[in-house]
Amino acid sequence: MNHDFFVEMESFQFTKTGQAACGDDIQMEVLKNENRYLAVLSDGLGSGVKAHVLANMTTTMALRFLRSNMDMLQSIETIMDSLPVCEVRKISYATFSMVDIRLGGITRIVEMGNPQYIQLRGDEEVPPISHKTVTSSHWPDRQVECYEIKLELGDRLIICSDGVTQSGLGEGSAYKFGWCRSGELAFAQEAIRQKADISSYALARTISYKALNISKNVCKDDISCLVIYLRTPRVMRVLTGPPYYKENDAEFAAQASLGEEHTLVCGGTTANIIERAVQKKVQIDLASLKAGASLPPAGRIPGVALVTEGILTLTRVCRALEDHEPLDTLPAPARAIIDMMMQHDRIEFIVGTKVNEAHQDPTLPQDLELRRGMIKRISTALNSLYRKETKVNYY
Amino acid sequence: MKKLQLEICCGTSCFMLGADKLLNIENDMPTELRGKVEIRALPCLELCNDSKLGGAPYVKLNGEIIEKATCEKIFDRMRELLDASPL
């Protein structure tokens with residue numbers, strides 16, 4: 001794979017107020033061996049569970065067809081033919097946008113009924129170039145727009161449902177026609193001007209919140225925003241566990257060299273090893289500690305790393321990653337770790353394999369997993385569920 | 001006169017065996033002891049593998065190890081140290 005690029009694909013959604021399920025669906029997939037990154041956003045007819053089923057059927061089929069390089073028109077016809085027909089409107093309806101990025105090659109975007117994509121190079125728009133309009137003989141009233149574009153390092157693609165562009169519709173003269181693509185574009189450009197390296201997740205979130213805000217915080221339609229960002233990979237290093245041989249401590253500690261924002265130290269003994277190497281003390285703020293906290297408090301070695309306890313915290317992080325638990329519900333140290341992981345693309349685990357015998361004491365109130373197995377689970381979750389690149393080195 | 005120095009271990013074993021209750025010790029401190037101790041949480045005192053010691057959670061008060069530490073044990077030792085050498 002091309003290691004100078006990382007394709008960060010993240011999304012954010014709001015469900016229509018009063019509905020139990022989001023009527024839009026987003027699915028993404030990385031085909032590493034082919035250097036391909038696929039994403040589909042679909043908006044199902046109506047809202048709620050029925051719309052979600054339509055949207056989910058669409059994204060699932062579209063992703064499968066993209067993956068297998070099926071002919072575009074045939075794919076779309078199959079999707080349309082498969083969706084149930086609405087009794088009222090007599091159409092099988094789900095709009096969608098499909099993105100197929102080939103690193104070093106052409107990126108294909110196919111849209112049916114969704115707002116037109118936005119491509120940004122820095123804060124400058126790269127306007128959609130001429131495209132092909134395809135009409136299916138099965139569904140003559142539905143038009144499909146096909147684009148072929150070239151993405152460069154630093155480019156972003158923004159794809160959204162009409163819940164974003166039509167937000168604010170009817171909310172007074174400022175939004176006579178809703179926020180529109182132009183409003184969304186200007187807002188995204190401003191967000192990038194404020195923070196040039198804003199992550200895909202942060203941009204998708206801020207766009208979605210703005211759309212909600214324009215609708216006076218009542219979500220009148222499902223809001224979905226997908227952002228794809230081609231960037232130089234952001235590397236994070238997690239140091240956890242003391243090395244098996246003590247003489248390797250210095251080499252191990254030397255890995256804590258990426259700076260505080262990119263380095264995480266998990267484990268008390270590990271923190272002590274780093275403390276000695278960098279000759280700086282861990283600072284733990286007890287003032288912010290809440291009574292009955294389920295995890296030991298996090299600290300920091302200023303300028304060097306975020307520091308947390310080891311196996312209890314990693315176990316909590318693993319569970320939260322595997323179960324997609326919302327960040328706000330997590331204890332502060334686990335939240336800080338996941339937040340840090342989500343801001344990075346490539347996560348390197350530097351794992352000391354020495355076992356703390358005290359952790360194997362059968363009188364401890366709960367079983368403690370061995371660090372190696374826990375890191376393997378976290379690495380797998382980051383890889384398969386969050387599309388992060390991971391590497392594990394043992395000491 | 002220097003304040004007493006209390007170091008609380010935040011390592012895994014200590015936290016699981018009761019250090020979680022020690023971290024809020026300042027709030028539970030009797031009035032006469034308040035303001036007389038400086039509290040620091042440390043990532044690990046690395047005492048849990050020492051079989052000669054009595055068991056986690058561990059704290060150090062002015063460098064002296066307190067085993068199976070509880071708030072009451074710490075308060076008692078603080079009183080003794082303050083009686084011997086008042087601030």
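The values are calculated or read from the model by the stated rules, or taken from the named source; none is laboratory data. Fair warning: this is a prediction, and the values are worked out from it, not measured in the lab. Reconstructed Cβ throughout: ideal geometry from the backbone, glycine too, with neighbour counts over all protein chains shown. Note: areas computed on protein heavy atoms with side chains; ligands, DNA, RNA excluded. Shrake-Rupley method; radii C 1.70, N 1.55, O 1.52, S 1.80 Å.
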- Query: Somewhere in region A:138-149, is a residue of a type in the set (S, T, N, Q), open to solvent by 80 Å² or more (accessible area, probe 1.4 Å) and part of a strand (DSSP E or B)?
  - Reply: yes
- Task: Please list, ordered by first then second residue, the pairs with beta carbon atoms under 7 Å, 6 or more apart or interchain, first in region A:360-389 and in contact (Cβ under 8 Å) with a residue 12 or more places away in the chain and assigned by TED's automatic domain parsing to the domain that holds A:Val30, second polar (S, T, N, Q) and surrounded by fewer than 18 Cβ atoms within 10 Å (Cβ to Cβ).
- Result: none
- All strands (runs of 3 or more DSSP E) inside region A:1-66 with 2 or more residues being farther than 18 Å from A:Cys225 by Cα: A:24-31
- Task: Please identify the pairs in which a residue from region A:262-291 that is more than 9 Å from chain B (Cβ to nearest Cβ) and free of Cβ contacts under 8 Å to residues at least 40 places away in the same chain has its Cβ atom under 7 Å from the Cβ atom of a residue that is surrounded by fewer than 20 Cβ atoms within 10 Å (Cβ to Cβ) and of a type in the set (Gly, Ala, Ser), counting only partners at least 6 apart or on another chain.
- Result: A:Ala277/A:Ala250
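What strands (runs of 3 or more DSSP E), lying completely within region B:5-74, carry at least 3 residues that are free of Cβ contacts under 8 Å to residues at least 40 places away in the same chain? Spell out how you get there, then give the answer.
On the way: elements: B:37-42, B:59-61, B:64-66.
Counting at least 3 such residues, we get B:37-42, B:64-66.
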- Note on the structure: Going through (1) open to solvent by less than 10 Å² (accessible area, probe 1.4 Å); (2) more than 30 Å from B:Glu38 (Cα to Cα); (3) outside the structural domain of A:Ser47 (by TED's automatic domain parsing) one by one, A:Leu203 fails only at (3)
- Taking A:Val307, is it in a strand (DSSP E or B), open to solvent by less than 10 Å² (accessible area, probe 1.4 Å), among the β-branched types (Val, Ile, Thr) and over 30 Å from A:Asn114 (Cα atoms)? yes
- Query: Out of region B:1-42, which residues are touching a strand residue (DSSP E or B) at 6+ places or on another chain (Cβ under 7 Å) and surrounded by fewer than 20 Cβ atoms within 10 Å (Cβ to Cβ)?
  - Reply: B:Lys3, B:Leu4, B:Gln5, B:Glu7, B:Glu26, B:Lys36, B:Glu38, B:Ile39, B:Arg40
- Task: Go through region A:226-243 and give me each residue that's surrounded by 18 or more Cβ atoms within 10 Å (Cβ to Cβ) and touching a Lys or Arg at 6+ places or on another chain (Cβ under 8 Å).
- Result: A:Val227, A:Ile228, A:Tyr229, A:Leu230, A:Met236, A:Thr240, A:Gly241, A:Pro242, A:Pro243
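Would you please name the residue that is farthest from B:Cys44 (Cα to Cα), looking only at residues in region A:310-324 that are open to solvent by 10 Å² or more (accessible area, probe 1.4 Å) and within 11 Å of chain B (Cβ to nearest Cβ)? It would help to see each step written out before you state the result.
The first filter runs over region A:310-324 and keeps only residues open to solvent by 10 Å² or more (accessible area, probe 1.4 Å), leaving A:312, A:315-316, A:319, A:322-324.
From what is left, the residues that are within 11 Å of chain B (Cβ to nearest Cβ) are A:312, A:315.
On the way: A:Leu312: 14, A:Thr315: 18 Å.
Taking the candidates together, the pick is A:Thr315.
Tally the residues that are open to solvent by 50 Å² or more (accessible area, probe 1.4 Å) and assigned to a strand (DSSP E or B), restricting the search to region A:115-124.
Quick first cut of region A:115-124, residues open to solvent by 50 Å² or more (accessible area, probe 1.4 Å) only: A:116, A:121, A:124.
After this cut, where a residue has to be assigned to a strand (DSSP E or B) as well, the list is A:121, A:124.
Residues that pass the stated criteria total 2.
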- Message: All but one of (1) within 14 Å of another protein chain (Cβ to nearest Cβ); (2) buried (at least 18 other Cβ atoms within 10 Å of the Cβ) hold for A:Lys246; state the number of the condition that does not hold.
- Response: (2)
- Given the conditions (1) more than 9 Å from chain B (Cβ to nearest Cβ); (2) modelled with pLDDT of 95 or more, and given that A:Gly259 satisfies all but one, which numbered condition is not satisfied? (2)
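When you check A:Ile129 against the structure, is it buried (at least 18 other Cβ atoms within 10 Å of the Cβ) and either under 21 Å from A:Ser224 (Cα atoms) or out of contact with any helix residue (DSSP H, G or I) (no Cβ under 8 Å at 6 or more places or on another chain) (or both), yes or no?
On the way: buried (at least 18 other Cβ atoms within 10 Å of the Cβ): no; either under 21 Å from A:Ser224 (Cα atoms) or out of contact with any helix residue (DSSP H, G or I) (no Cβ under 8 Å at 6 or more places or on another chain) (or both): yes.
No.
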- Message: Considering only residues that are surrounded by fewer than 16 Cβ atoms within 10 Å (Cβ to Cβ) and under 25 Å from the mean Cα position of the chain (by Cα), which ones fall in region A:359-375?
- Response: A:Gly373
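Would region B:29-44 turn up any residue that is among the β-branched types (Val, Ile, Thr) and more than 9 Å from every other protein chain (Cβ to nearest Cβ)? Let's see the steps before the verdict.
Looking only at region B:29-44, we keep the residues that are among the β-branched types (Val, Ile, Thr), and these are B:31, B:37, B:39.
Cutting the leftovers down to more than 9 Å from every other protein chain (Cβ to nearest Cβ) gives us B:31, B:37.
Yes, because at least one residue in region B:29-44 is among the β-branched types (Val, Ile, Thr) and more than 9 Å from every other protein chain (Cβ to nearest Cβ).
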- Criterion: more than 20 Å from B:Glu46 (Cα to Cα), modelled with pLDDT of 90 or more and open to solvent by less than 50 Å² (accessible area, probe 1.4 Å) - qualifying residue of A:Asp339, A:Asp345: A:Asp345
- Message: With the structure loaded, tell me whether B:Lys60 is in contact with a Cys (Cβ under 9 Å, 6 or more places away or on another chain), open to solvent by 20 Å² or more (accessible area, probe 1.4 Å) and more than 13 Å from every other protein chain (Cβ to nearest Cβ) or whether it fails that test.
- Response: yes
- Query: Name the residues in region A:246-260 that are at negative phi and touching a residue at least 24 places away in the same chain (Cβ under 8 Å), would you?
  - Reply: A:Asn248, A:Asp249, A:Ala250, A:Glu251, A:Phe252, A:Ala253, A:Gln255, A:Ala256, A:Glu260
